[in-house]
Amino acid sequence: MSIQIDYFYTHLSPWAYLGHQALLDIAASYGAAIHFRPVNLGEVFAQTGGLPLGQRHPARQAYRFIEMQRWKEKRALPLTFKPAHFPTDPKLSDLAAVVLQETGGPVASFSLKAFQAIWAEDRDIGDPDTVAQLLDAVGVNATQVLEKTQDPAILQSFEENKKRALSWGVIGSPAYVLNAEPFWGQDRLDLLEDALRSGRVPYRPL
């Protein structure tokens with residue numbers, strides 16, 4: 001029986017960036033396929049009680065920076081704590097990833113490039129020229145991919161990702177879903193690996 005991890009994320013999330021390569025490594029270790037499911041985080045927040053960063057209590061905003069420093073060191077990754085283009089609209093880069101997922105393209109590599117662009121290189125992933133450059137860098141036809149981001153079927157897939165996220169209890173980015181059991185946050189990757197290793201029955205809400 002094949003193993004699939006459904007990966008819900010947006011490129012605007014530093015936590016998805018911090019966990020991206022670790023997820024790829026874990027999946028490879030256990031022969032698991034990853035279904036990349038970029039999702040509109042704002043709409044997920046709106047329906048699950050989450051708040052955009054700027055609306056959170058200052059104590060929560062301050063603690064976020066403490067955690068970012070910890071995980072930057074833990075993952076040994078470059079990380080800009082206050083990117084020049086944050087917040088920005090990640091929809092175009094997220095839709096480009098949907099296109100690559102749907103067409104068998106290098107979605108993992110593209111998403112890594114997009115994460116690095118905003119979180120390490122101070123580039124604007126909401127800018128079409130930037131997204132085109134990232135697509136070129138992973139060896140795909142940027143013009144074709146960007147045109148396809150407006151295809152009704154791709155927009156429907158993006159919407160379906162949100163619906164599936166909500167049905168599986170996803171409440172933020174990143175979330176990894178194994179057998180309909182959600183693991184929210186890159187700091188839950190160890191628990192995801194434990195579940196893969198043991199093959200246990202998925203946990204469900206009580």
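Just so you know, the Cα atoms of the stretch 80-163 work out to an Rg and Dmax of 12.3, 36 Å.
Any idea what log10 I(q)/I(0) is at q = 0.11, 0.14, 0.15, 0.19 Å⁻¹ for the stretch 3-198, Debye with uniform C-alpha scatterers and no solvent? The Debye formula, applied to the Cα set alone, gives -0.47, -0.78, -0.91, -1.50. Comparing Cα centroids, the stretch 144-206 and the stretch 19-62 end up 9 angstrom apart. Taken about its Cα centre, the stretch 47-206 carries a charge dipole of roughly 740 debye when the Cβ of each Lys and Arg holds +1 and the Cβ of each Asp and Glu holds -1.
Relative contact order for the chain: what is it in percent, counting Cα pairs under 8 Å that are at least 6 residues apart? Taking the mean separation of contacting Cα pairs over the length of the chain, I get 31 percent. Tell me the relative contact order for the stretch 88-138 as a rounded percent, counting alpha carbon contacts under 8 Å between residues six or more apart. Relative contact order comes out at 42 percent.
Neighbours of Ala120 by Cβ distance under 13 Å: Lys/Arg scored +1, Asp/Glu scored -1, total +3. Considering only Gln61, Ala27, Thr48, and ranking their Cα positions along the charge dipole of the stretch 16-75 that arises from unit charges at the beta-carbon of Lys, Arg, Asp and Glu, the one farthest toward the positive end is Gln61. When the alpha carbon gyration tensor of the stretch 1-86 is reduced to an equivalent ellipsoid, its three semi-axes come out at 26, 18, 10 angstrom, largest first. Placing dummy labels 7 Å off each Cα toward the beta-carbon, the span from Lys163 to Leu206 is 3.3 nm.
Tell me which DSSP H helices of the chain clear both cut-offs, 15 Å or more of axial length from alpha-carbon atoms and a mean Kyte-Doolittle hydropathy of at least 1.0. Sorted by number, the helices that extend far enough and score high enough are 107-119.
Dipole magnitude for the stretch 92-177: computed about the Cα centre from +1 point charges on Lys and Arg Cβ and -1 point charges on Asp and Glu Cβ, it is near 380 debye. Taking every DSSP helix (H) stretch of at least 4 residues in the chain, weighting each as -39,500 (n - 2.57) and dividing the sum by the residue count yields a mean residue ellipticity at 222 nm of -17000 deg cm²/dmol.
Taken together, the values in this text are just the output of simple stated rules run on the coordinates, not laboratory data. Just so you know, these numbers come straight off a predicted model, no measurement behind them. Cβ: placed from backbone, ideal geometry, glycine included. Neighbour counts: every protein chain shown.
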